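> Let me begin by handing over the structure; questions about it come next.
The values are calculated or read from the model by the stated rules, or taken from the named source; none is laboratory data. Keep in mind the model is a prediction, meaning the values are calculated, not measured. With ideal geometry, Cβ positions are generated from the backbone for all residues, glycine too; neighbour counts draw on all protein chains shown. SASA here: full protein model, heavy atoms, side chains in, ligands and nucleic acids out. Shrake-Rupley method; radii C 1.70, N 1.55, O 1.52, S 1.80 Å.
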Amino acid sequence: MSGVTELGYVRLGVSDLAKWRDFAGRLVGLEVGADSTDDVVYLRADAWHHRLILERDASDDILAAGLRVAGPGEFRALQDTLRAAGVAFEVADAETAGRRCVLEMLSLSDPAGNPLEIFHGPRVDTHRPFYPGRGMFGKFVTGNGGLGHMMLRHGDLGEMHAFYTLLGMRGSIEYKVPVTPEFTVEILFMHCNQRDHSLAFGLPSQRRVNHIMFEVSELDDVFLAFALLRDAGYEIAILPGKHANDQMFSFYCISPSGFQVEIGWGGRPASHQSEYYVGDTYGHEFTAGRPA
Ligand SMILES: [Fe+2]
């Protein structure tokens, strides 16, 4: 198992840290880490030191997706694989790895220019049990499935598939959705553990990130987040519905940075076999363009 084992953390550059703290903590239920500062906010979803790092930055976009490998041996083996394939990367110094709270990491870009950090050895604070930012009926579903999933900006989908296969992930096109008689949207999903997918590519995005998904263990937490976010004035971009591939019941709202955050429940494990769908199971209506 020398490849990527999970989407471990995400670094986000956000212009309004105060708004993000409230959005992520009071409304979504993530925990604001105790050692957060005025310029860096750590958000927890489980016992890890953090699952999101918010950094004061005007980009309102991801600064890096942190992909985990199992340990030092796998970290070196993946470097050999990248070198042999002619993929450029830079091994971070100890200070940078220390700032990310990991033992070792390297940085590189995927074929679409998405910044990645491959790491092993995250800091896990078992002495600080997860304490949600607001009351929750259950908890965030992380564990070996990582923090959730992300849809990122893509280039040629075949090229994206080849690159992430090199990193040890598996996947295929899982949606072919006819938009017009001449145009069908194809969406590629890649997995590396029991979560149906950790990364997806295919929808157009002005930013590097289209959306980040967090899964919760109780359906009530989906609807509580929906109610709190809507009452706080956040736009719901996609109404509740059920995806065909991971069978996740979810909705999407627009985060303070403009990209979307999906809150989901009930995702099924990866089937490890390819199949595709022409639409979702039900719901998930896009609100853009709906009559008010
Ligand atoms: Fe999603």
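> Expressed as a fraction of 2.2 N^0.38 Å, the rule-of-thumb size for a compact globular protein of N residues, what is the C-alpha radius of gyration of region 125-243?
1.24
> Could I ask something else about it? Compute the separation of the alpha-carbon centres of region 1-51 and region 100-133 and state it in Å as a whole number.
For region 1-51 versus region 100-133, the Cα centre distance is 11 Å.
> Mean residue ellipticity at 222 nm from the helices of the chain, using -39,500 (n - 2.57) per DSSP H segment of n ≥ 4 over the full residue count, to the nearest 500 deg cm²/dmol?
-5000 deg cm²/dmol
> Run the numbers on region 6-122 and let me know its relative contact order in percent, using alpha-carbon pairs under 8 Å that are six or more apart.
Normalised by residue count, the contact order of region 6-122 is 26 percent.
> While we're here: If you bin every alpha carbon distance in region 160-199 into 5 Å steps from zero, what whole percent lands in each bin?
6, 24, 24, 19, 11, 10, 5, 1
> Also: Search the structure for amide H atoms under 5 Å from the amide H of His149, placed 1.01 Å from N in the peptide plane, and list their residues when 5 or more places away or on another chain.
Met213
> Say each of Asp38 and Glu186 gets a label point 7 Å from the Cα, pointing the same way as Cα to Cβ; how far apart are those two points in nm?
Computed distance between label sites Asp38 and Glu186 equals 5.1 nm.
> Moving on to the next point. By DSSP, what percent of the beta bridges with both residues in the chain are antiparallel, rounded to the nearest 5?
75
> Within 10 Å, count the other beta carbons around each residue, average over each peptide in 28-36, 78-86, 14-22, and list them highest first.
By packing density, highest mean first, the sequence is 28-36, 14-22, 78-86.
> Follow-up. Express in nm, to one decimal, how much length is gained between Glu55 and Glu95 on full extension, taking 0.36 nm for each residue of separation and deducting their alpha carbon distance.
Gain on extension, Glu55 to Glu95, equals 12.7 nm.
> Sticking with this one: Counting other Cβ atoms within 10 Å, which GluC sites (Glu not before Pro) in region 141-221 have at most 15 and lie in a DSSP loop?
Glu182, Glu218
> Could you please state, rounded to a whole Å, how far the C-alpha centre of region 178-222 is from the C-alpha centre of region 83-97?
The two parts, judged by their Cα centres, are 28 Å apart.
> Hey, what's the per residue convex hull volume over the C-alpha atoms of region 6-122, in cubic angstrom?
Here the figure is 107 Å³ per residue.
> Related question: In 5 Å bins starting at zero, report the fraction of Cα pairs in the chain per bin as a rounded %.
Values per bin, smallest distances first: 1, 5, 12, 17, 20, 18, 13, 8, 4, 1, 0, 0.
> Let me ask you something else. What are the ³J(HN,Hα) values, in whole Hz, obtained from phi via the Karplus relation 6.51 cos²θ - 1.76 cosθ + 1.60 with θ = phi - 60°, for each residue of region 174-183 in sequence order, with x given for Gly and Pro?
With the stated coefficients, region 174-183 comes to 10, 10, 10, 9, x, 9, 9, x, 9, 10 Hz.
> Would you kindly derive the ³J(HN,Hα) couplings of region 224-234 from the backbone phi angles with the Karplus curve 6.51 cos²θ - 1.76 cosθ + 1.60 (θ = phi - 60°), listing them in order in whole Hz, with x for Gly and Pro?
So the Karplus estimates, Gly and Pro as x, are 5, 4, 4, 5, 5, 5, 5, 5, 7, x, 6 Hz.
> Taking 4 °C and 1.567 mPa s as the conditions, I'd like the Stokes-Einstein D for region 15-72 in µm²/s, using the Kirkwood hydrodynamic radius from alpha carbon pairs.
So the translational diffusion coefficient is about 106 µm²/s.
> At q = 0.14, 0.28 Å⁻¹, what log₁₀ I(q)/I(0) does region 71-136 have when each alpha carbon counts as one equal point scatterer in the Debye sum?
-0.54, -1.24
> Give me the percent of the accessible area of the chain that comes from carbon and sulfur atoms, probe 1.4 Å, all protein chains in place.
C and S atoms contribute 53 percent here.
> Something else about it: Tell me the net charge near Gly71. Cut-off is 14 Å between Cβ atoms, Gly71 excluded, with +1 for each Lys or Arg and -1 for each Asp or Glu.
Local net charge: -1.
> Place the peptides 53-63, 247-257 in order of packing, highest mean first, counting for every residue the other Cβ atoms within 10 Å and averaging per peptide.
247-257, 53-63
> For Arg208, which sequence-distant residues (separation of 5 or more, or a different chain) have an amide H within less than 5 Å of its own amide H, given hydrogens modelled in the peptide plane?
Ile62
> I'd like the FRET efficiency for Tyr277 and Asp220, computed as 1/(1 + (r/R0)^6) with the beta carbon distance as r and R0 of 25 Å, rounded to 0.05.
0.35
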